[in-house]
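Student: Here it is, the structure in full.
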Ligand SMILES: [Zn+2]
């Protein structure tokens with residue numbers, strides 16, 4: 001028997017997930033991957049119309065349900081315009097400054113299913129030509145995609161099948177280090193998606209009976225604000241979003257513990273649920289940090305905003321340099337996975 005959580009396995013799964021391109025609006029492949037994976041464990045799943053996936057584990061109490069979510073959509077871009085020199089102007093999907101993707105390798109996904117690679121560059125990159133290359137603003141006006149094909153005109157690019165509206169994904173450049181880190185784009189929130197999958201598989205393998213019927217939504221529109229705000233059955237009492245913890249000056253969140261969010265830009269999370277989560281952590285040697293994320297909203301707050309009468313919470317692994325060159329440590333993954341595992345087996349706070 002392998003121990004649980006097995007962070008080696010979780011990291012392998014994260015690696016697989018971040019390698020599947022899934023910018024918001026183009027998440028079919030990531031969702032299908034999870035669907036097929038859960039099928040092996042005989043877990044009942046269904047898709048919602050938005051394209052997310054809901055896995056349900058039946059529990060002893062069927063009148064009160066739990067709902068957990070992690071999102072598989074990521075930041076990305078879309079073709080806005082084909083320039084006269086054949087390069088691409090883009091718009092971004094999700095929130096990030098463009099310098100976070102300067103120099104990044106990317107893939108353009110055409111409607112017919114063709115894939116072309118390219119690089120996101122400042123138009124004025126060559127220092128031998130542009131004296132102010134370093135000073136110019138990193139924005140969608142100045143930045144473009146250089147396609148790795150012999151194209152010199154708009155017509156030649158169009159001939160490849162590239163069109164306005166084609167999705168662009170970023171190379172995740174995923175790497176595991178000897179020191180236990182995993183660095184990659186899109187750890188937000190594929191690290192948490194992997195954690196939910198591993199917990200579901202563990203519960204299914206052990207045939208653990210949960211105290212309450214529990215739904216796991218792999219949402220696919222979080223980065224644009226509305227992934228987890230629907231398909232919440234009326235029986236759902238508790239809704240826990242599992243999404244990255246934000247690290248920076250003044251933050252307690254780190255790459256080694258599970259972050260329990262007390263408040264983000266949407267306001268405080270449910271006090272009782274937050275305290276319940278810290279109790280579980282304390283009782284199970286789970287290292288955690290309570291924290292406030294100043295510029296952050298989650299699928300749980302989206303559900304509240306959509307009018308659902310639920311108790312909502314937010315936890316997740318601490319992710320350094322979020323929405324940019326992300327990194328976390330196996331230790332944070334372990335504590336987050338453990339907290340999710342114990343939480344779904346706990347009694348509800350508000351009876
Ligand atoms: Zn996220």
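Student: Hey, does segment 168-184 have a residue that's under 27 Å from residue 325 (Cα atoms), assigned to a loop (DSSP other than H, G, I, E, B), within 16 Å of the ligand (Cβ to nearest atom) and under 14 Å from the mean Cα position of the chain (by Cα)? Show your work before the answer.
Tutor: Quick first cut of segment 168-184, residues under 27 Å from residue 325 (Cα atoms) only: 168-184.
Among the residues that remain, those that are also assigned to a loop (DSSP other than H, G, I, E, B) are: 171-174, 177-180, 184.
Right, trim to within 16 Å of the ligand (Cβ to nearest atom) and you get 172, 184.
After this cut, where a residue has to be under 14 Å from the mean Cα position of the chain (by Cα) as well, the list is 172, 184.
Yes - at least one qualifying residue is present in segment 168-184.
Student: With respect to residue 212, is the statement that it is within 21 Å of the chain's Cα centre (by Cα) and either away from the ligand (no atom under 12 Å from the Cβ) or modelled with pLDDT of 95 or more (or both) true? Give the steps one after another, and end with the answer.
Tutor: Values: within 21 Å of the chain's Cα centre (by Cα): no; either away from the ligand (no atom under 12 Å from the Cβ) or modelled with pLDDT of 95 or more (or both): yes.
Judged against the criteria, residue 212 is not a match.
Student: A follow-up question, please. Within segment 216-233, track down each residue that is within 13 Å of the chain's Cα centre (by Cα) and assigned to a strand (DSSP E or B).
Tutor: Correct list: 217, 218, 219.
Student: Would you check if residue 203 is farther than 20 Å from residue 50 by Cα and not in a strand (DSSP E or B)? Walk me through it before giving the result.
Tutor: On the way: farther than 20 Å from residue 50 by Cα: yes; not in a strand (DSSP E or B): yes.
It is true that residue 203 is farther than 20 Å from residue 50 by Cα and not in a strand (DSSP E or B).
Student: I would also like to ask the following. Take the conditions under 23 Å from the mean Cα position of the chain (by Cα) and in a loop (DSSP other than H, G, I, E, B) and apply them to residue 195. Does it pass? Even if it seems obvious, please write down each step before you answer.
Tutor: Details: under 23 Å from the mean Cα position of the chain (by Cα): yes; in a loop (DSSP other than H, G, I, E, B): no.
When the stated conditions are applied, residue 195 does not pass them.
Student: Would segment 115-136 turn up any residue that is modelled with pLDDT of 95 or more, within 20 Å of the chain's Cα centre (by Cα) and closer than 26 Å to residue 319 by Cβ?
Tutor: Checked segment 115-136: no residue is modelled with pLDDT of 95 or more, within 20 Å of the chain's Cα centre (by Cα) and closer than 26 Å to residue 319 by Cβ.
Student: Right, another one. Give the number of residues within segment 83-124 that are out of contact with any helix residue (DSSP H, G or I) (no Cβ under 8 Å at 6 or more places or on another chain), closer than 24 Å to residue 28 by Cα and either surrounded by 13 or more Cβ atoms within 10 Å (Cβ to Cβ) or free of Cβ contacts under 8 Å to residues at least 60 places away in the same chain (or both).
Tutor: Here the count works out to 22.
Student: Could you check segment 125-141 and list, in sequence order, the residues that are under 15 Å from residue 100 (Cα atoms) and either crowded, with 17+ Cβ neighbours inside 10 Å or touching a residue at least 24 places away in the same chain (Cβ under 8 Å) (or both)?
Tutor: Of everything in segment 125-141, those that are under 15 Å from residue 100 (Cα atoms) and either crowded, with 17+ Cβ neighbours inside 10 Å or touching a residue at least 24 places away in the same chain (Cβ under 8 Å) (or both) turn out to be 138, 139, 140.
Student: Oh, and also: Please report, ordered by residue number, the helices (runs of 4 or more DSSP H) entirely within segment 243-351 with at least 3 residues that are touching a helix residue (DSSP H, G or I) at 6+ places or on another chain (Cβ under 8 Å) and away from the ligand (no atom under 16 Å from the Cβ). Before you say what the answer is, go through the steps one by one.
Tutor: Working: elements: 271-283, 299-305, 330-343.
Where helices (runs of 4 or more DSSP H) fall fully within segment 243-351 and carry at least 3 residues being touching a helix residue (DSSP H, G or I) at 6+ places or on another chain (Cβ under 8 Å) and away from the ligand (no atom under 16 Å from the Cβ), they are 271-283, 330-343.
Student: Exactly one of (1) within 26 Å of residue 206 (Cβ to Cβ); (2) in contact with a helix residue (DSSP H, G or I) (Cβ under 7 Å, 6 or more places away or on another chain) is unmet by residue 44. Its number?
Tutor: Of everything listed in (1) within 26 Å of residue 206 (Cβ to Cβ); (2) in contact with a helix residue (DSSP H, G or I) (Cβ under 7 Å, 6 or more places away or on another chain), residue 44 misses just condition (2).
The values are calculated or read from the model by the stated rules, or taken from the named source; none is laboratory data. What you see is a predicted model, and the numbers here were worked out from it, not measured in a lab. Every residue, glycine among them, receives a Cβ derived from its backbone with ideal geometry; neighbour counts consider all protein chains shown.
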